[in-house]
Amino acid sequence: MDYKVLALILISATYINLVKPIFETRYAPLVVDSIVAFLIVRIIANKSTSRGNSITPSPGIEFSLLLFFVICLIQIFNPNVPALQAGLEGFRKTTYQMLAVFIGIYYVKNNLEIEKICKYICYASVPVLVYGIKQFFFFSSFDQKIVEANFAEFYTYSILGKTRAISIFSGPFHFGMFACITALIALYFYVKEKRLLYLALCIISVMGVFFSLTRTNIVALAVSGLFFLWFVKPEKRRDLMKVNIVFVLLLAGFILISSQKFSVVTDVVKTFGHLREDQRFLNRFEGYREIQKAFVENPVIGYGMGSAGDTLGRLYDWKVHITSHNLPLKILMETGLIGLGVYIFFFLAWFKKAVDLFKGKSGHIKNLSVLITSIVLVVLVNGVVGSAVEAYPVNLYVWFFMGALVKVWWLQKK
């Protein structure tokens, strides 16, 4: 399959969100889901007709992922799940987009294709980022329709009396995560090509992160950005120092501008110093304690797909439903200890591949693996105080790039 088709699918997953407010349906992303399913069927068909000669690049990762899928499919029918649709929606939120790992493994041909796909995503993200920045200054009636097309609590869309930017996504955290990823991609190409275009795209992305007014994503940007700058290997060490200086000045300059003209951004940053008094943050610990009690009562099996799914508590009548605000607790709640164990094994196996590429002789391959790992860190940092893997289409992007890294690892091994 041509890499342009893969890029088009990923970009379509972003812009499909516009269908929801225009046609007033929340099922528009199922179109992209159907395309993903078709690609997976093609993989299965190719393997079944290969007469035992089919190559499996990473048996450990693929087997653990398939095992987790089986566990999640069974959990759709958990006695706690009130209806089949509730289980299916929970499965889609948590697990279905992970199929993109296989798409990355079996459809990406080489590292150059990954770069080209990243460039297409970077360019296509500009209207989405600019539209989100616009919302910081002016929230239109159409923007309100985007909010009404979703089921998040009202307080999710505002902080300190200011409406958060969401762009065309389901919420501000989705937009913040998306902007983090585009910032990292733009930074990668700026390090490689030294073109001001990518520096401008990075600045726009950083603005998107701050204007989403989501503190978790500000932290995720700092962690993933510093991780990237620490491990990236430019052609000359002096270039790395220049990039570090540019990145620090970029953040410092933006915070300075924000303090003068956009005080709400500064006010949000200042709340980091008052987390012990922040009710938004403290309420998460109430949910953690509830999950702890629920876990003691049912540690092995869990409570089924969707039992920790954001917004699903408002749509269905659950016996036990707790919004997790934490990625590992979400997986534990929905799939029990067995599911969480398999999930952790999958990530550990993947990170081992990433570390192997870090140690490789090719600086180009190393930098690409550093980029993909920093993208994964955006989700993991968000997963400390949020569900993270439910953020569509960011989850589709992240799983795809994780699969693409496995393919690069296999090609290097060959």
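The values are calculated or read from the model by the stated rules, or taken from the named source; none is laboratory data. Computed from a prediction, not measured in an experiment: that's the story for all the values here. Here the Cβ positions follow ideal geometry from the backbone for every residue, glycine too, while neighbour counts run over all protein chains shown. Each accessible area value is taken on the protein alone, full model and side chains, heavy atoms only, with ligands, DNA and RNA left out. Shrake-Rupley method; radii C 1.70, N 1.55, O 1.52, S 1.80 Å.
Descriptive notes on the structure:
- Sum of side-chain charges, Ser58 neighbourhood, beta-carbon under 13 Å (Lys, Arg +1; Asp, Glu -1): +3
- For the chain, accessible area per residue (1.4 Å probe, heavy atoms of protein chains only), Å²: 44 Å²
- Förster-model FRET efficiency, 56 Å R0, Ser50 and Ser158, C-beta, rounded to 0.05: 0.55
- Charge dipole (debye, nearest 20) of the chain; +1 at Cβ of Lys and Arg, -1 at Cβ of Asp and Glu: 1500 debye
- Kyte-Doolittle at least -1.0, axis length at least 30 Å by Cα - qualifying DSSP helices, the chain: 111-137, 172-193, 237-261, 327-358
- A Gaussian network model of the chain, with springs between Cα atoms under 10 Å, assigns the largest mean-square fluctuation among Thr163, Thr311, Thr214 to Thr311.
- Taking 0.36 nm per residue of separation and subtracting the current Cα-Cα distance, fully stretching the chain between Leu411 and Lys4 would add 144.5 nm.
- Debye-sum result for the chain in log10 I(q)/I(0), which assumes one identical scatterer on each alpha carbon, at q = 0.08, 0.12 Å⁻¹: -0.42, -0.99
- Reachable lysines, given that their alpha-carbon falls under 25 Å from the alpha-carbon of Lys162 and they are not under 8 places away in the same chain: Lys20, Lys134, Lys145, Lys261, Lys270
- Surface composition of the chain: carbon and sulfur make up 66 percent of the accessible area, probe 1.4 Å.
- For region 321-410, relative contact order (Cα pairs under 8 Å, six or more residues apart, normalised by length) works out to 38 percent.
- Region 315-414, dipole about Cα centre (Lys/Arg Cβ +1, Asp/Glu Cβ -1), debye to the nearest 20: 680 debye
- Sequence-distant residues sharing a close amide H with Ile159 (under 5 Å, placed H): Arg164
- Candidates Phe23, Phe345, Phe231, ranked by Gaussian network fluctuation over the chain, Cα under 10 Å, top entry: Phe23
- Candidate lysines - alpha carbon under 20 Å from Lys119, same-chain residues fewer than 8 apart omitted: Lys4, Lys109, Lys192, Lys194, Lys233, Lys366, Lys407
- Cross-link partners for Lys293 among the lysines, with Cα-Cα distance under 28 Å and sequence neighbours closer than 8 places in the same chain left out: Lys93, Lys319, Lys330.
- Difference of contour (0.36 nm per residue) and Cα-Cα distance, Ile35 to Phe358: 113.0 nm
- Chain lengthening between Ile43 and Lys194 when straightened (0.36 nm per residue, less Cα-Cα): 50.5 nm
- Choice from Ala83, Ala354, Ala404 showing the highest fluctuation, given a GNM over the chain with Cα pairs closer than 10 Å: Ala83
- For the chain, the relative contact order is 26 percent, taking Cα pairs closer than 8 Å that sit 6 or more residues apart in sequence and dividing their mean separation by the residue count.
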